[in-house]
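The values are calculated or read from the model by the stated rules, or taken from the named source; none is laboratory data. Not measured: the values here are computed from a predicted model. Neighbour counts are summed over all protein chains in view; Cβ atoms, including those assigned to glycine, are modelled from backbone coordinates with ideal geometry. Remember, those area values only see protein heavy atoms, side chains included, never the ligands or the DNA or RNA. Shrake-Rupley method; radii C 1.70, N 1.55, O 1.52, S 1.80 Å.
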Amino acid sequence: MRRNRLPVVVLLIVVSMSTDVCAASPFELKSVKIDLPDSDRMFPAGPGADTINNNCLACHSAGMVLNQPSLSKQAWTAAVDKMINNYKAPVAPENVGAIVEYLTVLKGAK
Amino acid sequence: MTTAFPQKGAMILQRTRPPLLETPFEVFDKGVFTPNGQFYVRWHWALIPTEIDIDKFSLTVRGHVNQTLSLSLHDILRGLPSVQLSAVNQCSGNSRGFFQPRVPGGEWANGAMGNALWTGVRLKDVLDKAGVKPGAVQVRFKGLDEPVVADAPHFMKSLEIDHARDGEVMIAYAMNGEQLPLVNGFPLRLVVPGWYATYWVKMLNDIEVLDQPDTNYWTKVAYTIPDTPHASIKPGQTGVKMIPINKMVPRSFVTNISSGSKVSAAAPTTLRGIAFGGDCGVASVDFSIDRGQTWHQAQLGKDEGKYGFRQWQTQLTLPAPGAYGLLIRCTNSNGVAQPDTQNWNPAGFMRNVIESTDVIAL
């Protein structure tokens, strides 16, 4: 916070002093190049782990799924269907059952 | 907690790719402006450019306009009047992790929100430059992020034309006096004061004026709420009319004491926190130590703008040793107060129940 305060104050003064706000603002942007960290986290071992690792890591890292609360089998089925229908997850129909089963065992509602 | 993200400090890691990073709650005690380095981060699709050359970037304005524009950052920073506004940016699903029964999605605690002083240009000025044609109904916004799978829906959001031209919606190039961290949307981000963050499109590079209502997935299907009071329904309830999520609702939090803390009985305790009105300012913040039977007004801090966080503070004395729930309630300047029961909807949106900070007086 403290490090942000100063530029804010400076900017406020500049803006409030200029009656013609069209006048060149002093603000300068700088090009940015960064590296975003990736995750190599896999789903914990168990029946169906290979299937979920092969089908559910393309668009988001495993944390998306592993941070989910316990859900009913019905809710997990709906979640997997949503991935396929709404987000175009390329999951072969014969793999859906194994993925739902895996999720229900790992994070199923009692 | 992670410090692995460039331009960011310590953040709660909800998901690495695409990043979902939550602001640690202690940050909100330091002041009403959330530092850029700890401002929460939320992306839908993982193809996010990691390099932005400010001389090559351009913002296109097209569709139902007289003249298609391709604006450079120079055109935007130097060619249009600059405006400033402090406003809360809050994820629709902030606090989803507290929903009961639990719902799938980003399992945020209360840190998927932040307040910044935004500097930029009015969307209205940009639209006027292109010249909106009669018959325009909505304006659609798209950023540089892309879906991983080719036929998946690109993230886009739309606003009604009158809202887009209200003079408040802006295109920000700075937050808290600095350029935006890349993961917060560098170089340009839409700022929609009083509305949930889903509309605040990051890395904004495409504005399309539409003469038909937008039917894209992210506007029409995702981010919809039940058209009921507090967007609330019973779990399992069906046949409810759904509408796009829109204006925010009032919220308030204690920031200097967390649940589970011990405080002294029969001695003054300072209680401090933040509140925001949602789509308007804060009228009052009240607290109760007797489960809501009696309420007392807290003192409000400096008003930095109606769409921003407002600090509040009070001194209270817990009369005797024991367990207390400290309740805080914000009433906004439209007269809307936080409800005392929590809402529920399947997407986990719009939580704003009166929060309780549970303490033990010794």
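Below are the figures for this structure:
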{"item": "Residue within the stretch B:247-255 that is farther than 30 Å from B:ASP125 by Cβ, of a type in the set (Lys, Arg) and open to solvent by 20 Å² or more (accessible area, probe 1.4 Å) present", "result": "no"}
{"item": "Some residue of the stretch B:120-128 being modelled with pLDDT of 95 or more, assigned to a helix (DSSP H, G or I), in contact with a helix residue (DSSP H, G or I) (Cβ under 7 Å, 6 or more places away or on another chain) and open to solvent by 20 Å² or more (accessible area, probe 1.4 Å)", "result": "no"}
{"item": "Of all residues in the stretch B:159-176 being open to solvent by 10 Å² or more (accessible area, probe 1.4 Å) and under 20 Å from the mean Cα position of the chain (by Cα), the one that is nearest to the other protein chains (Cβ to nearest Cβ)", "result": "B:GLY167"}
{"item": "Per-region count, the stretch A:66-75, residues open to solvent by 40 Å² or more (accessible area, probe 1.4 Å) and in a helix (DSSP H, G or I)", "result": "2"}
{"item": "B:LEU144 being at pLDDT 95 or above and open to solvent by less than 20 Å² (accessible area, probe 1.4 Å)", "result": "no"}
{"item": "Filter result (more than 7 Å from chain A (Cβ to nearest Cβ) and either aliphatic (A, V, I, L, M) or more than 26 Å from B:PRO49 (Cα to Cα) (or both)) within the stretch B:1-12", "result": "B:MET1, B:ALA10, B:MET11, B:ILE12"}
{"item": "Single residue of the stretch A:76-96 satisfying the filter (among the small types (Gly, Ala, Ser) and in a loop (DSSP other than H, G, I, E, B)) that is nearest to B:TRP218 (Cα to Cα)", "result": "A:ALA89"}
{"item": "Within the stretch A:47-56, considering residues that are at negative phi and part of a loop (DSSP other than H, G, I, E, B), the one farthest from the other protein chains (Cβ to nearest Cβ)", "result": "A:PRO47"}
{"item": "Strands (runs of 3 or more DSSP E) wholly inside the stretch B:1-79 containing at least 2 residues that are open to solvent by 50 Å² or more (accessible area, probe 1.4 Å) and more than 30 Å from B:ALA130 (Cβ to Cβ)", "result": "B:12-15"}
{"item": "Qualifying positions in the stretch B:88-119 - of a type in the set (Phe, Trp, Tyr) and open to solvent by 10 Å² or more (accessible area, probe 1.4 Å)", "result": "B:PHE98"}
{"item": "All positions within the stretch B:222-237 that are within 14 Å of another protein chain (Cβ to nearest Cβ), part of a loop (DSSP other than H, G, I, E, B) and either exposed (fewer than 13 other Cβ atoms within 10 Å of the Cβ) or in contact (Cβ under 8 Å) with a residue 60 or more places away in the chain (or both)", "result": "B:TYR223, B:PRO235, B:GLY236"}
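The rows are residues; the columns are (1) assigned to a loop (DSSP other than H, G, I, E, B); (2) buried (at least 18 other Cβ atoms within 10 Å of the Cβ); (3) of a type in the set (A, V, I, L, M, F, W, C); (4) in contact (Cβ under 8 Å) with a residue 12 or more places away in the chain.
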site	(1), (2), (3), (4)
A:PRO26	yes, no, no, yes
A:ASP35	yes, no, no, no
A:ASP38	yes, no, no, yes
A:MET42	yes, no, yes, yes
A:ALA45	yes, no, yes, no
A:ALA58	yes, no, yes, yes
A:MET64	no, yes, yes, no
